[in-house]
Amino acid sequence: MNLSTIKSPGVYINEVNGFGNSVVPVATAVPAFIGYTPQAMYEGKSYTNVPRKITSFADFQAIFCLPDPAPPADPAKQYEPEYYLVAQDSQPTSGDYMLIGGTFYSILPDPNTIYYLYNSVKLFYDNGGGDAYIVSVGTYGDPSGNPMPVGEQIVNPNVQLNELTGGLELLLQEQEPTMYICPEATLLSVENNASLMQAMLLQASTMQTAVCIFDIIGGNDPDPLNYMDDIETFRNGTGSNGLDYGAAYYPFVGTTVMQASDIDYTNLFGGDVTQLQAILSPASNPNPTVDTIIANIQNPPEGQQLTVSQYNNSLLVASPTYNTIIANVLQDANILPPSAGMAGVITVTDNDVGPWQSPANTSMVDVISLPILISETQQADLNVDAISGKSINAIRFFNGLGILIWGARTLDGNSQDWRYISVRRTMIFIEQSCKLAANAYVFAPNDKNTWESVKAMISSFLNDIWKQGGLQGASASDAFSVECGLGSTMTSEDILNGFMIVSVKVAVVRPAEFIVLTFQQQMATSA
């Protein structure tokens, strides 16, 4: 109360704040997914190239998924990859294949129909995901009508670098996302993938609010002998800027995200059931029931047209070979990049403990297999790279334990400061929380009262983090220090120029990555 404004006699009340401002912790696990969706429309409004926050998979379905038609029609398919069975002269040496009637068939996708975002969002929420941002850069493109050549990596020409980087740039206006994830980045060419990763790292280091979680081209079908070539290509493609804001996981993961009902004959041969019929009912071993079902699919009897799921169930009953084909195609379609699952694991870890807990030595929900089993010796070259320091976090299978995330490093593996994901994410959490709280003091008097108030506010916040185990030290003074004042962090010239400088030092906890047990024999002693 300004006493000079009192003009009339009477009693006046002046309330004085008993408590200073406090630092409100920012959210630490809010991924932003950039990619292609079935649609991007809600209540007549387009959400293409509009960052949209969602809180559940139901939100994602409402905005970015196709509406279901009225019963009795089947629910709308949100993702329709197309696969071909291509006969081979001999047993294939790479890729998925199956043996039918003495002939080897490679299972090859139409690359134009392969997308990862829809299933990745499902994997994120199945692993405990919460708030997220979706940046839809467009809908699915047209199929090519041809299978991918045997032994090549999937490159989807419908996935465009300029569209993905455009979606990334939209996040410059969003402060809340703490992870950048682009599941379809591995569907770009190697050169375009490198450009996108470098753009993501540059933006993350500029914003200082998010880390990038990368997948590695080749992780879906690694060569057991030459897989390190893919790792080397990835390391060469990430550049040298912002490495402490990036983390990579290898290999892809075999999941159960897609169910048997998600794959049927419409996903085979571009929907051409004639090609399917040649395999299920060859001239040398015809299957009359299959022939009848396919004839009805092509020319439905008057008034007896069935749904796709009904025809599909009929084929499953009529042909064991068809069962095997669907099972193999489903297995191939369920191999997904691990980045979205990692975002879910990070969300759960942050909610249970905090960002200072490494998201490792734990499993992913829905993950049942790996395309390559990495040994301890093989992981050594992934985890530590003496030349570039670009560490790759392995996802490994352990007998009796299952599939575990077995790495917790950033791409800046040679840095003592920023080697670990948990350290980088903890510092982002502390910096952004303090930054937002300090906004309350912009234009406040740059004097001792303000300095002490800021110091008390930040110290109280850091003390809480120390008590939760996020900072190390036997006492609070060992865990952090906060300085602000003339002669300690500022000069007279700083004050004249309007600068209030606060120095915060923290002792962040680091993971026990290597545990060494020392055993030594001693001589027996008398009782």
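The values are calculated or read from the model by the stated rules, or taken from the named source; none is laboratory data. Because the structure is predicted, anything quoted here is derived from the model rather than measured. Methodologically, a virtual Cβ is constructed for each residue, glycine included, from the backbone with ideal geometry; neighbour enumeration extends over all protein chains shown. The protein model used for the area step is the full one, side chains on, heavy atoms only, and it has no ligands, DNA or RNA in it. Shrake-Rupley method; radii C 1.70, N 1.55, O 1.52, S 1.80 Å.
Some notes on this structure:
- In order through the range 447-452: 3J(HN,Hα) via Karplus (6.51 cos²θ - 1.76 cosθ + 1.60), integer Hz, x for Gly, Pro: 10, 4, 4, 5, 4, 5
- As a size descriptor, the averaged projected area of the C-alpha convex hull of the chain was calculated at 41.4 nm².
- Across q = 0.12, 0.22, 0.24 Å⁻¹, the range 94-161 modelled as identical point scatterers on its alpha-carbon atoms has Debye log10 I(q)/I(0) values of -0.49, -1.00, -1.06, in the order of the q list.
- Amide H contacts under 5 Å for Thr362: Ile405, restricted to partners 5 or more places along the chain or on a different chain, H placed in the peptide plane at 1.01 Å from N.
- Solvent-accessible surface (1.4 angstrom probe) belonging to Ile372, in square angstrom, nearest 10: 20
- Distance from the range 187-206 to the range 487-527 (C-alpha centre basis), Å: 33
- Reach of Lys455 by Cα under 19 Å, taken over aspartates and glutamates that are not fewer than 8 positions away in the same chain: Glu431, Asp447, Asp464, Asp478, Glu483, Asp494
- In the context of the full protein assembly, Glu152 retains an accessible surface of approximately 100 Å², using a probe radius of 1.4 Å and ignoring ligands and nucleic acids.
- With every protein chain in place, the chain: carbon and sulfur % of accessible area (1.4 Å): 51
- Nearby lysines by direct alpha-carbon distance to Lys448 (threshold 30 angstrom, same-chain neighbours under 8 apart not counted): Lys435, Lys467, Lys505
- Angle of helix 117-126 to the longest C-alpha principal axis of the chain, folded into 0 to 90 degrees and rounded to 10: 60°.
- Per residue accessible area in Å² of the chain, where ligands, DNA and RNA are left out and the probe is 1.4 Å: 49
- A 1.4 Å probe over all protein chains sorts Val506, Val257 by accessible area into Val506, Val257, starting with the largest.
- Along the chain, longest interval not containing exposed chymotrypsin sites (Phe, Trp or Tyr not before Pro), exposed being DSSP loop plus at most 16 other Cβ atoms within 10 Å: 20-442
- Helical runs (DSSP H, four residues minimum) scored at -39500 (n - 2.57) apiece and divided by the length of the chain put the mean residue ellipticity at 222 nm at -10000 deg cm²/dmol.
- Anchor Lys122: lysines whose Cα lies under 16 Å away (excluding residues fewer than 8 positions away in-chain): Lys53, Lys77
- Stretching the chain fully between Thr274 and Ser477 yields a gain of 65.5 nm (0.36 nm per residue, less the alpha carbon separation).
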